[in-house]
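Q: Quick one: the structure is below, questions incoming.
The values are calculated or read from the model by the stated rules, or taken from the named source; none is laboratory data. Note that the coordinates shown come from a computational prediction; the quantities given were computed from them, not determined experimentally. When we count neighbours, we look across all protein chains shown, and the Cβ atoms used for this are built from the backbone with ideal geometry, even at glycine. Calculation scope for accessible area: heavy atoms of the full protein, side chains included, ligands and nucleic acids excluded. Shrake-Rupley method; radii C 1.70, N 1.55, O 1.52, S 1.80 Å.
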Amino acid sequence: MIPDVSKALSWLEAHPQAVKGICRGIERETLRVNPNGALATTGHPESLGSALTHNLITTDFAEALLEFITPVDDSVEHTLQVLRDIHRHVARELGDERMWPFSMPCFIDSAADIELAQYGTSNIGKLKTLYRQGLKSRYGALMQTISGIHYNFSLPLEFWQTRLGISDAESGKDAISAGYLNVIRNYYRFGWVIPYLFGASPAICSSFIKGRETNLPFEYTENGLCYLPYATSLRLSDLGYTSKSQSNLGITFNDLETYIAGVKRATRTPWDEYAAIGLKKEGKYLQLNTNVLQIENELYAPIRPKRVTKSGETPSDALLRSGIQYVEVRSLDINPFTPIGIDASQARFLDLFLIWCALADAPEMNSDEIRCTRQNWNRVILEGRKPGQTIGIGCDDVRQPLDKVGKSLFADLARVAEVLDSQNGNREYQDVCRELVAAFDNPELTYSARILKEMKAEGQGNLGVKWADKYRQMLLDEPLEVLSEQELAQESEASRLRQRDLEANDKLSFEEYLATLAGN
């Protein structure tokens, strides 16, 4: 069922230094809410600096949707310390507001309450807000308030040098890119393990589906909870962060040039439904354009190939310039059992799984097989904990028990864990394997089962308010560990200065600026 990785694992065991120096970065989204759990209608706090240019604290779709970004780091512990310090600092600056502890939003009475993120008067700032207006016009504002964790992961250069025989990153960029595409194809085939273990959105507030068509057999509680008994991550379902217009793009991950061509094609292909919305109404822009993708970042995918962009460069142009630098994992729900949305066990599991994805053979996938893998994901997302649940691979009819496939995967991951622990002089990765594999024999240990039990007892809203209060107090009581208030205050002020410089140096009107973008 899973590929035979024994030869590659033996290679790894003979070259343990090849995985020393893995780098990570975390992006965490969270809604600001009032003490009663209602969406905050205040603007982004001035004391946090400019959401446009701050290096650690920004906003995503809405003014009330915070996003925290950690710098690239080769230590799990230090990365999480930085993330927690950001949370501690923000908790101190929010006054009576709290950070919502779940992926699915709090009770939102009307989408009109959701203010688009504002980034000032510079052309790039206006562009970011207009892009969000396009998302609102296309998918509705409520969907865009769903929160998640993005985990950015890169293997050290030595891994690729030892594994592929390349000499340096520049001359070996094609081979490295092919290696990361191998990771992505395996992620599509086996990444359903992430929502199985860590999905934490088996239920939603009934207000979320008010007026929306769904064929899902929801069950309801008296306290307003709407849930599926075996679901893991409704955030990843068709009710959540998905796009029908993108489902038939045919973008594949067999070679970088073809992938980039597919993404660029989507940014230039008109879509009738979006054309019907129109570009403007009463002189106000409704979206950037009427194409399938307004910009490349609109592509919804469970994992993306990435490279840090230069000023004015699109993500795909950065990939064309120097190849894939890292992958961005986008399938993690907010972990509600920690105030920072992710814990060390999850980070270490992702390290293990992504290394395995790099080692395991990953035959090329056409667009049909990518659609078939979606069936596995959907099965796990909607009823992953169902007794006797099975998993297929590719478009074959053959299915095997999910628990059997999961335990086979973990047998491989345990060997990767031994290698990583040998480099670190402890047993932390092996402990993660031992802890998580138990969830295949006992699905009640999964995050979704644990949180559903709590939500059914108290309701999503009541539980969210209770935990938001608890986490707020916890963060307020804790001292900063690795950042300082002085550093954070300096970054806030520096971000405001950077925004002012951008606004002062624009040479074009916004209309002229948009015209230059349309011509590229």
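Q: Under the Cβ-under-4.7 Å rule, which cysteines of the chain stay unpaired?
A: Singleton cysteines: Cys23, Cys106, Cys205, Cys226, Cys357, Cys433.
Q: Looking at region 101-205, which GluC sites (Glu not before Pro) are DSSP coil and have at most 14 other C-beta atoms within 10 Å of their C-beta?
A: Taking region 101-205 and a limit of 14 other Cβ atoms within 10 Å, the loop GluC sites (Glu not before Pro) found are Glu170.
Q: Which value results when the Cα radius of gyration for region 347-421 is divided by 2.2 N^0.38 Å?
A: Against the compact-globule rule of thumb, the ratio is 1.22.
Q: Once you have a ≥ b ≥ c as the square roots of the Cα gyration tensor eigenvalues for region 431-488, tell me rounded if a/c is under 1.5, and otherwise prolate or oblate according to whether a/b is larger than b/c.
A: Working: a/c = 4.55, a/b = 1.45, b/c = 3.13.
It is oblate, given that a/c is not under 1.5 and a/b is not larger than b/c.
Q: With a 10 Å radius around each residue's Cβ, average the other Cβ atoms per peptide and rank 486-498, 131-143, highest first.
A: Descending mean neighbour count gives 131-143, 486-498.
Q: Given C-alpha coordinates of region 39-122, what is the ratio Rg to Rh with the Kirkwood estimate of Rh?
A: Result for region 39-122 is an Rg/Rh of 0.98.
Q: Using alpha-carbon pairs under 8 Å, 6+ residues apart, how would you state the relative contact order of the chain in percent? Before the final figure, lay out the partial values.
A: Numbers: 903 pairs, mean separation 124.7, N = 520.
Worked out over the chain, it gives 24 percent.
Q: Each residue of region 95-107 in order: what ³J(HN,Hα) in whole Hz does its phi give by Karplus 6.51 cos²θ - 1.76 cosθ + 1.60, θ = phi - 60°, with x for Gly and Pro?
A: Taking θ as phi minus 60°, the curve returns x, 7, 6, 10, 9, 5, x, 10, 5, 6, x, 5, 5 Hz for region 95-107.
Q: Follow-up question, since we're still on this one. Hey, which lysines would be in cross-link range of Lys210, C-alpha to C-alpha under 29 Å, not counting anything within fewer than 8 residues on its own chain?
A: Result set, ordered by chain and number: Lys128, Lys136, Lys244, Lys280, Lys281, Lys284, Lys386, Lys453, Lys456, Lys466.
Q: Label points 7 Å out from Cα along the Cβ direction at His15 and Gln486: separation in nm?
A: 4.5
Q: Where in region 169-269 are there trypsin sites (Lys or Arg not before Pro) that are in a DSSP coil and have at most 15 other Cβ atoms within 10 angstrom of their Cβ?
A: Here the sparse-neighbourhood loop sites are Lys210, Arg212, Arg268.
Q: Further question: Farthest toward the dipole's positive end in region 130-287, which of Tyr131, Cys205, Pro195, given Cβ charges of +1 (Lys, Arg) and -1 (Asp, Glu) about the Cα centre?
A: Looking along the dipole axis, the top candidate is Tyr131.
Q: Separate question: Quick check for me: using +1 on Lys/Arg Cβ and -1 on Asp/Glu Cβ, what's the dipole size of region 11-142 about its Cα centre, in debye to the nearest 20?
A: It works out to roughly 280 debye.
Q: Taking the solvent-accessible surface of protein heavy atoms with a 1.4 Å probe, what is the per residue accessible area of region 368-449 in Å²?
A: Per residue, region 368-449 has an accessible area of 46 Å².
Q: Then there is this: In region 405-472, what GluC sites (Glu not before Pro) fall in a loop by DSSP, with at most 16 other Cβ atoms inside 10 Å?
A: Values: sites: Glu418, Glu428, Glu435, Glu444, Glu454, Glu458; in loops: none.
Sites meeting the loop and neighbour criteria: none at all.
Q: Can you match percent of Cα pairs over 34 Å apart to one of these, (1) 46; (2) 37; (3) 50, based on a calculation from the structure here?
A: Matching entry in (1) 46; (2) 37; (3) 50: (2).
Q: Now a separate question. Which one, Ala318, Val398, Asn378, is farthest towards the positive end of the dipole of region 296-430 when Lys and Arg carry +1 and Asp and Glu -1 on their Cβ?
A: Asn378
Q: What are the membrane-span-like helices in the chain by this rule: whole DSSP H runs, Cα extent along the axis at least 20 Å, mean Kyte-Doolittle hydropathy at least 0.5?
A: Membrane-span-like by this rule: 344-359.
Q: Let me ask something else about it. Under 17 Å from the Cα of Lys306, which lysines turn up, not counting those fewer than eight places away in the same chain?
A: Leaving aside lysines fewer than 8 places away in the same chain, those within reach of Lys306 are Lys173, Lys264.
Q: Show the residues, 5+ positions off or on another chain, whose built amide H is closer than 5 Å to the amide H of Ala62.
A: Ala117
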